[in-house]
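Heads up, the thing below is written out as structure tokens.
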Amino acid sequence: LRGGRALATREVKIKRLPPRANQVRVDRLTGGVEVDGLPQIPFGFYCYTNHTGDDHPQPELAAQEVVRGFTMMSPYQSCAPEHRARRKAYLDRCARLGMRVHYNVIVPARHAATDPKQVEANLSQIEDEIRAFRDHPAILGYYISDEPELRRESPEVLERIYLRIRELDPYHPVTIVFISPPPAQRYAKALDIVMCDPYPIPNRGPAYAGDLIGRLNSAFQLRNPVWIVPQAFGGNEHWAREPTRQEERLMTYLGVMQGATGVQYFIRDGMNGFPKSAAAWAECALCAVEVA
């Protein structure tokens, strides 16, 4: 309005939900999340499930890391129906410890499916997983895609997955991780929280991590929170060495200073699978306590 005269109108739909005991809410003003009724910067790590393929992470990993200040873990898993009891077992353990789980619901090859029947089959598998665990007290959110720009995943298919999850469980946010800011815009309708995994060591300086987070935060400010995935591995593929403890601290804090409201290191493989440096992982834990 200006001087009593309407200059423009816009309709906005607001859906108000009754409170839920295990809800995780996103604050679009601060970019933070509310967990158990309190503001939190989720601080954790990716991890592997064991090598037998039964979707169970290292048995004592959650207990070892929750006492060091970490509040979140995100195991890579298959979501195979036959191993659902195993997944429930580690979720139950995390709930007892106070460790939240950034739950991986990535279904293999869903993005490559051009057959409508295959797409529906993949959606059905994800739906079953959401129904099984949406009320579990350990759930923090749902992780639906890992670097979709590299895998040429369909933004439309991911949006369908996102909408189906939000329909089944509107109480937990949905996340996707990207390598760099530009591709993230293509997938903006398929996520609540945008993540970025800059792995600069030793090919670039640690400042590269903060730069990417700053660019993402500028692009998504007041729309979607941004989380950083700092590098906690090295000595393989394109990365000749791991970050030092100083570089871990720099990447973490540069990300937070540039607006990251969640931290999830890649990757923790205990005891010293990754990172192999005990000093570097101890620095990550120290950052977790300081940021909290």
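The values are calculated or read from the model by the stated rules, or taken from the named source; none is laboratory data. Please read all numbers here as calculations on a predicted model, not as lab measurements. Glycine also receives a Cβ, built like all others from the backbone with ideal geometry; neighbour counts cover every protein chain displayed. All accessible areas refer to the heavy atoms of the entire protein, side chains included, with ligands and DNA or RNA removed. Shrake-Rupley method; radii C 1.70, N 1.55, O 1.52, S 1.80 Å.
Can you confirm whether Tyr208 is modelled with pLDDT of 95 or more and under 19 Å from the mean Cα position of the chain (by Cα)?
Answer is no for this residue.
Based on what the data block shows, is Arg134 basic (Lys, Arg), more than 27 Å from Val226 (Cβ to Cβ) and at pLDDT 95 or above?
In short, no.
Can you give me the number of residues within the range 129-146 that are of a type in the set (Asp, Glu) and either farther than 15 Å from Pro108 by Cβ or exposed (fewer than 15 other Cβ atoms within 10 Å of the Cβ) (or both)?
Counting residues in the range 129-146 that are of a type in the set (Asp, Glu) and either farther than 15 Å from Pro108 by Cβ or exposed (fewer than 15 other Cβ atoms within 10 Å of the Cβ) (or both) gives 1.
With (1) closer than 30 Å to Val157 by Cα; (2) without any contact (Cβ under 8 Å) to a residue 12 or more places away in the chain as the list, and Arg5 as the residue in question, which single condition is left unmet?
Result: Arg5 passes all but (1).
Mind checking which residues of the range 63-92 are open to solvent by 10 Å² or more (accessible area, probe 1.4 Å), in contact (Cβ under 8 Å) with a residue 40 or more places away in the chain and not polar (S, T, N, Q)?
Scanning the range 63-92 gives Arg68, Gly69, Pro81, Arg84, Lys88, Asp92.
Evaluate the range 104-120: report whether one residue or more is of a type in the set (Lys, Arg) and open to solvent by less than 10 Å² (accessible area, probe 1.4 Å).
Yes - at least one qualifying residue is present in the range 104-120.
Could you grab me the full set of residues in the range 10-42 that are acidic (Asp, Glu) and either modelled with pLDDT under 90 or part of a loop (DSSP other than H, G, I, E, B) (or both)?
Passing the criteria: Glu11, Asp27, Asp36.
Are there any pairs, at least 6 apart or on different chains, whose C-beta atoms fall under 6 Å, with the first in the range 235-250 and closer than 16 Å to Tyr208 by Cα and the second of a type in the set (Val, Ile, Thr), and if so, which?
Pro243/Ile201; Glu247/Ile201
Determine which member of the set Pro202, Pro182 is over 28 Å from Leu17 (Cα atoms), without any contact (Cβ under 8 Å) to a residue 24 or more places away in the chain, open to solvent by 10 Å² or more (accessible area, probe 1.4 Å) and more than 15 Å from the chain's Cα centre (by Cα).
Pro182
Restricting the search to the range 39-58, which residues are over 19 Å from the mean Cα position of the chain (by Cα) and either in contact (Cβ under 8 Å) with a residue 12 or more places away in the chain or closer than 30 Å to Gly259 by Cβ (or both)?
Once the filter is applied, which keeps residues that are over 19 Å from the mean Cα position of the chain (by Cα) and either in contact (Cβ under 8 Å) with a residue 12 or more places away in the chain or closer than 30 Å to Gly259 by Cβ (or both), the range 39-58 yields Gly53, Asp54, Gln58.
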